[in-house]
Amino acid sequence: MNAVHLHLILNHLPIVAILLATVLLLASLLVRTRGFLQAALAVLVFAGVSGAPAYFSGEEAEESAEHSESAPQQSEPDNEVWLEAHEQAAKFGLGASIVCGLAGVGLLFWLARRPDAGLGAARGAALALALFSSVILARVGQTGGRIAHPETRPLEGAAAGAEFPAPGGKENEEEDEGAEQGEH
């Protein structure tokens, strides 16, 4: 696995986490318990924490992709435009993730220290922040989805003549055929 693969795995975490936090915060409007709100805020904190690995693995992935043998050439002129747009959106996404994480931690501490505190203000602040961050991270994902990643595929020449044996190798195929004939 290289830097590009790692980034392609990690970049989904903050997007999915912020969407999950938003859904849980919306659901907390119906399930009006302190515990449910705290769970939603914990997911908001996770969304914030997961933004940093996604962002910083993107820096490494960009370097790796630019120096790859299979990096897009003239056939994909828009790729550089999308890389730049994704990088700019990712900076805002990282900022939104950090703010969500810090707000989630702050609201969790506030709720823990003030058991008599009303939940409405915490819920409203977290929900507004999560909705705003969802829009920002959706843009990050949308621009990233436009980037071609030929470096994650086998080279064309290697794949064209390659034969892939069945799982277990050729010996197992002969054993299977013998076993089938013996059963009949």
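Note down the nm distance, to one decimal, between modelled labels 7 Å out along Cα→Cβ at D116 and at E63.
Each label point lies 7 Å from its Cα, and together they span 5.5 nm.
Can you find, among G35, A125, G145, the residue sitting farthest towards the positive end of the charge dipole of region 1-151, where Lys and Arg contribute +1 and Asp and Glu -1 at Cβ?
Value computed over the given set: G35.
Just subtract the alpha-carbon distance of F92 and H12 from 0.36 nm times their residue separation and send over the number in nm, one decimal.
27.2 nm
Values in this text are rule-based calculations from the coordinates and carry no lab data. All figures in this text were calculated on a predicted structure; none of them were measured in a lab. Glycine gets a Cβ as well: all are built from the backbone with ideal geometry, and neighbour counts include every protein chain shown.
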